[in-house]
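Q: Mind having a look at this structure? Questions to follow.
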Amino acid sequence: MKIEDAALGQYNNGLNFFGNSFNHNQVWKGSLDCVAFEQSAIKDKLQSLNKPCYIIRVAGKIGVTNEGYSCPIDNGKTGQVELLMATPPMPTHHLGDPSFLTSHGVKYAYATGAMAGGIASEKMVIALGKEKILSSFGAGGLSSDRLEAAINCIQQALPQGPYAFNLIHSPNEPAIERRAVDLYLKYGVRTVEASAFLDLTPNIVYYRAAGLGVNAANQIEIKNKVIAKISRREVASKFLQPAPLKILKELVEKGLISELQANLAAQLPIADDITVEADSGGHTDNRPLVCLLPSILALKNEIQEKYRYSTPIRVGVAGGIGTPQSAIAGFMMGAAYIVTGSVNQSCVEAGTCEYTKQLLAQAEMADMMMAPAADMFEMGVKLQVLKRGTMFPLRAQKLYEIYRNYNSIEDIPIEEREKLEKQIFRKSLAQIWEETATYLSKKNPEKLGKAINNPKMKMAAIFRWYLGLSSRWSSSGEKGREVDYQIWCGPVMGSFNDWVRNSYLAEPKNRRVVDVAHHIMTGAAFLYRIQSLKLQGLQISDDYCQYHPGSSTIF
């Protein structure tokens, strides 16, 4: 029996080749003992991403190997093994823009976004940071004392980084935004993720400009990096361009930045990175990624052509990223990096209660809906939440309808008021107002004064009691309020659950953010290899085209 016959056996391995080989002048050399012809062994070879992959044909049978080498065909010599195609090593750090890795000191072009209220917790940021993966702490909605404690905790655990902190736009309370900036500057937080901005504010410009300087080689040094999360071209445009001269002048006049820093800021964009956020959990414009990302990439190129920045701005993607398929789609569309959000909320390190994590782990793609947002309630702004297992979205929508239809609490029919007190608030509206007034007297006395003199504003403040606390109940695990949990979540949670079904990641207790990051990136690199082989003419059965999380691994 020939060696080739012994190696091949009788396998029907699901591989076929269609078309002309680009390697018709090349052959493969090596031992046939290291060539896989059987399905499970072939998939192991395909998943060896740190090695090259050779597709060869012997006696009409196609096999796969990571060993050997290609060389020119030796005309006239028999027994040469035909090389159909090859792919180079495809390690995960090859995905995305390598400058993202060097700029942020990370090993993947991957980050986790800030989920407000500390859902993107210290534990999450630290766990990822220790593995050189960038994570943004969810500072939105937290008090200054709580934020300061988080900064100290994370900096102690990650003295060299990487980590980021969220700076969420607060249009109605700019002082909150400013206090966060002051803390970031005080403690030397070098990367912020700016989100929910509708326009540039003096606060984000202050943070950026205050970190500018010139080194010994007379080159501009950028100490304070900005990752801007956007979903609209007009907002992206503002972060892609230098700060407005008017704002810079005001900051100089107030003594917050120097003339030199103002001049330097006029030469640089506000952001180093732009995260294009498609349909996502929480605040979202529900934009489809396939439309939004190309538009922002084109805008970035237009502005780069105008300003000729020495370091072009990177554009990444968020919203709907939670599987290898969605990750590789983002990279193939030109994303410099990817950002995950909702899927991390069901992980062990997330600042949510166990009940919420269980609900998220059971969610399907159709289990989400839009509901009124607490921070922009009067404007009718909505956010995306989980509807399965909670009545929050329906009850929140009911409150907004009442707010829209009546001018004061007293105008609401008595029957309707009783329903609100019994079903939603579980207290009298008078009690809710008393608690709200006490809170505002400490946090925002000016707003309290306006609400006392404006019945419509007073009604909104009362309704916000429910909208504001419902998200905290979800995080803290408030007993008896499970039906009112407000859980920010996008459809990607359902696709993630589909992907990890029947794997160890199906159970929330096994979901760790580092594992999730590793499997998404590894799966994306694997799918890239598969697509590369298909484009070279390999016909490959669906059995080879799926990546599923294996057993838990320490990376």
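Q: As an exercise, take the mean of 1/r over every pair of distinct alpha carbons in the range 217-334, invert it, and state the Kirkwood radius in angstroms.
A: Values: mean 1/r = 0.0642 Å⁻¹.
The answer is 15.6 Å.
Q: May I ask you to give the average projected area over all directions of the convex hull of the Cα atoms of the range 354-456, in nm² rounded to one decimal?
A: Over all viewing directions, the range 354-456 projects a mean Cα-hull area of 7.9 nm².
Q: E435 versus A41, label points 7 Å from Cα toward the beta carbon: distance in nm?
A: 6.7 nm
Q: Just to make sure I understand: if all protein chains stay in place, what is the order of E418, E38, E349 by accessible area at 1.4 Å, largest first?
A: Per-residue accessible area, sorted high to low, gives E418, E38, E349.
Q: A further question on this structure: Ignoring ligands and nucleic acids, what accessible area does Y547 show with a 1.4 Å probe (Å², nearest 10)?
A: Surface open to solvent at Y547 totals about 20 Å².
Q: Sticking with this structure for a sec: I want to make sure I understand the PRE zone here: with the label point 7 angstrom from the Cα of R308 toward its beta carbon, which residues in the range 80-101 have backbone N atoms less than 16 Å away?
A: none
Q: Now for a different question. Please report the carbon-and-sulfur percent of the accessible area for the chain; probe 1.4 Å, protein heavy atoms only, DNA, RNA and ligands left out.
A: The computed percentage sits at 51.
Q: Work from the charge dipole of the chain (Cβ charges, +1 for Lys and Arg, -1 for Asp and Glu, about the Cα centre) and give the residue of N344, A525, F425 farthest towards its positive end.
A: Comparing the listed Cα positions along the dipole, F425 ranks first.
Q: Hey, got the dipole for the chain? About the Cα centre, +1 on K and R Cβ, -1 on D and E Cβ, debye to the nearest 20?
A: 520 debye
Q: Moving on. Straight-line reach only, C-alpha to C-alpha below 15 angstrom: list the aspartates and glutamates that K246 could link to, leaving out same-chain residues fewer than 8 apart.
A: Leaving aside aspartates and glutamates fewer than 8 places away in the same chain, those within reach of K246 are D199, E259.
Q: A further question follows. Could you derive backbone 3J(HN,Hα) for the range 493-500 from the dihedral phi with the Karplus parameters 6.51, -1.76 and 1.60 (θ = phi - 60°), listing whole Hz in sequence and x where the residue is Gly or Pro?
A: Result, rounded to whole Hz: 4, x, 5, 4, 4, 4, 5, 8.
Q: Write down the percent of antiparallel bridges among all DSSP beta bridges whose residues are both part of the range 160-230, to the nearest 5.
A: 25 percent
Q: Further question on the same structure: Say a paramagnetic label sat at a point 7 Å from the Cα of D199, along Cα to Cβ; which residues of the range 257-293 have their backbone N under 18 Å from it?
A: Those under the cut-off are 270.
Q: What ranking of C71, C291 comes out by heavy-atom accessible area, probe 1.4 Å, highest first?
A: Correct descending sequence by accessible area is C291, C71.
Q: Distance between the C-alpha centers of the range 82-123 and the range 158-220? Whole Å please.
A: Cα centres, the range 82-123 to the range 158-220: 23 Å.
Q: Test of understanding: extend the Cα→C-beta vector of D411 to 7 Å, then name every residue of the range 455-469 with backbone N under 12 Å from that spot.
A: Of the residues in the range 455-469, 455-460 have backbone N under 12 Å from the label point off D411.
Q: Helix 289-307: angle to the longest alpha-carbon principal axis of the chain, degrees 0 to 90, nearest 10?
A: It works out to around 90 degrees.
Q: Report, to the nearest 10°, how far helix 144-157 tilts away from the longest principal axis of the Cα atoms in the chain, using its own Cα long axis and a range of 0 to 90°.
A: So the helix axis and the longest Cα principal axis differ by about 30 degrees.
Q: With axes computed from alpha carbons, what is the tilt in degrees of helix 513-535 against the longest principal axis of the chain, rounded to the nearest 10 within 0 to 90?
A: For 513-535 against the chain, the angle is about 40 degrees.
Q: Hey, rough spin-label estimate for K422 and M391, points 7 angstrom out along Cα→Cβ, what's it come to in nanometres?
A: 1.1 nm
Q: In the chain, if the dipole is taken from +1 on Lys/Arg beta carbons and -1 on Asp/Glu beta carbons about the Cα centre, which of A86, I409, V125 is farthest to the positive end?
A: Farthest towards the positive pole: I409.
Q: List every residue whose amide H lies under 5 Å from the amide H of F137, counting only residues 5 or more places away in sequence or on a different chain, with H placed 1.01 Å from N in the peptide plane.
A: The answer is A164, F165, N166.
Q: Leaving out ligands and nucleic acids, note down the accessible area per residue over the chain with a 1.4 angstrom probe, in whole Å².
A: Normalised by residue count, the accessible surface of the chain is 45 Å².
Q: Can I ask one more? Let me see the P(r) profile for the range 38-191: every Cα-Cα distance counted, bins of 5 Å, each bin given as a percent of all pairs.
A: 2, 8, 14, 14, 11, 8, 7, 6, 6, 6, 6, 5, 3, 2, 1, 0, 0
Q: For L84, list long-range residues whose amide hydrogen, built 1.01 Å from N in the peptide plane, is under 5 Å from its own amide hydrogen.
A: Excluding prolines and chain starts, which carry no amide H, the hits are I55, I56, R57.
Q: Once the Cα gyration tensor of the range 393-506 is diagonalised, what are the square roots of 5 times its eigenvalues, in whole Å and ordered largest first, as equivalent ellipsoid semi-axes?
A: Working: eigenvalues 222, 53, 35 Å².
Each semi-axis is √(5λ); the values are 33, 16, 13 Å.
The values are calculated or read from the model by the stated rules, or taken from the named source; none is laboratory data. Being a predicted model, the structure only gives us computed values, none of them experimental. Cβ coordinates were reconstructed from backbone atoms using ideal geometry, including for glycine residues, and neighbour counts include every protein chain displayed. Surface areas here come from the heavy atoms of the whole protein model, side chains and all, with no ligands, DNA or RNA. Shrake-Rupley method; radii C 1.70, N 1.55, O 1.52, S 1.80 Å.
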